Amino acid sequence: MHELISELQSKQLIWKGARAESFSECHSTGFAELDRRLGGGFPTSGVIDIQSPLGIGELRLLMPYAQAQTTERLLVFINPPGYLCAEYLYAQGIDPAKILLIYPESGKHALWAAEQCLKSGACCGVCLWQEGLEIHQAKRLQVASEVGHCLQFLFKPALSGAASQVFSLPVSLSLNLTPHETGLSISITKRKGGFVRDSFVIDMSTYWPELTLSTKPHTSTVIPFPMQQQG
């Protein structure tokens, strides 16, 4: 029985319910609180599953990582749901020439493109928007990421209820994002080497104050209209 369990763990088909272990090697996420919760930061390779409502500023989570890693390698976006603004990337300190956009004709082609980019060694990260990923497909991406020492960021819509319990992909890290007035609320739902549910808020007000709401007491800016005195 012990040999069977060990074999299943090596194939990432089951996960230990013990305390989470820190990744042996990692890259800083750029957010001190997230680094602390992850034991150092993002792993150097693997699949990171990110479930999030569309349009809540979810890409902000990757901007500090992209700033640090795109100095030498490319960051790839496959099937992004909207247009990327080159001016915004430049303002964030990211050279648009280091960004590769791919719009495949099908989901099959998208997975093929992601796998080739991951194992090429020329990319620091691959962002893929695709639903309905199967276990064997996730495992192929995991292996390719290890070959090229590259991270696979898999963006999917947030699931709720029974739909979220259908099956769990063999990924290195799984995050659930929701909007928060000061940035993003994050739930860690899976980590390689352990199963720890952890929820916290990343304060992004110092990075993007225009995208956050002030937590200071509200002060009215309405000026009362002067009343005309009757004689």
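Subtract the Cα-Cα distance of residue 201 and residue 25 from 0.36 nm times their separation in residues, and report this length gain in nm to one decimal.
Details: separation 176, 0.36 × 176 = 63.36 nm, distance 2.41 nm.
Computed gain between residue 201 and residue 25 is 60.9 nm.
By per-residue mean of other Cβ atoms within 10 Å, what is the highest-first order of 31-39, 147-155?
Listed from highest to lowest mean packing, they are 147-155, 31-39.
Return the distance in nm (one decimal) between the two label points of a simple spin-label model at residue 71 and residue 95, each offset 7 Å from Cα along Cα→Cβ.
1.2 nm
So which aspartates and glutamates can residue 190 reach, going by Cα to Cα under 15 Å and dropping same-chain residues fewer than 8 places off?
Within reach: 21, 49, 198.
How large is the charge dipole for region 18-115, taken about the Cα centre, if only the Cβ atoms of Lys, Arg (+1) and Asp, Glu (-1) carry charge, to the nearest 20 debye? Walk me through the numbers before you get to the answer.
Details: 7 positive and 11 negative charges, 24 e Å.
Charge dipole of region 18-115: 120 debye, to the nearest 20.
Based on the alpha-carbon gyration tensor of region 68-211 and its eigenvalue square roots a ≥ b ≥ c, which shape applies: rounded if a/c is under 1.5, prolate if not and a/b is larger than b/c, or oblate? If you can, show how the numbers build up before the last one.
On the way: a/c = 1.58, a/b = 1.02, b/c = 1.54.
It comes out oblate by the Cα gyration axes.
How much length, in nm to one decimal, is gained on full extension between residue 106 and residue 130, taken as 0.36 nm per residue of separation minus their Cα-Cα distance? Present the calculation step by step, with values, prior to reporting the outcome.
Values: separation 24, 0.36 × 24 = 8.64 nm, distance 1.02 nm.
Result for the pair: 7.6 nm of gain on full extension.
Heavy-atom accessible area of residue 95 with all protein chains present, probe 1.4 Å, nearest 10 Å²?
Result for residue 95: roughly 80 Å² accessible.
So, in nm, how far is label residue 180 from label residue 120 when the simple model puts each one 7 Å beyond its Cα toward the Cβ?
A separation of 3.5 nm, rounded to one decimal place.
When the chain is fully extended, how far beyond the present Cα-Cα distance does residue 211 get from residue 86, taking 0.36 nm per residue of separation?
Numbers: separation 125, 0.36 × 125 = 45.00 nm, distance 1.85 nm.
Here the segment from residue 211 to residue 86 would lengthen by 43.2 nm.
For region 16-111, what does the relative contact order come out to in percent, with C-alpha contacts under 8 Å and a separation of six or more?
On the way: 85 pairs, mean separation 20.5, N = 96.
Worked out over region 16-111, it gives 21 percent.
The values are calculated or read from the model by the stated rules, or taken from the named source; none is laboratory data. Note that this is a predicted model, so its numbers are computed, not measured. Ideal geometry is used to build each Cβ from the backbone, glycine not excepted, and the neighbour counts take in all protein chains shown. Accessible surface areas use protein heavy atoms only, side chains included; no ligands, DNA or RNA. Shrake-Rupley method; radii C 1.70, N 1.55, O 1.52, S 1.80 Å.
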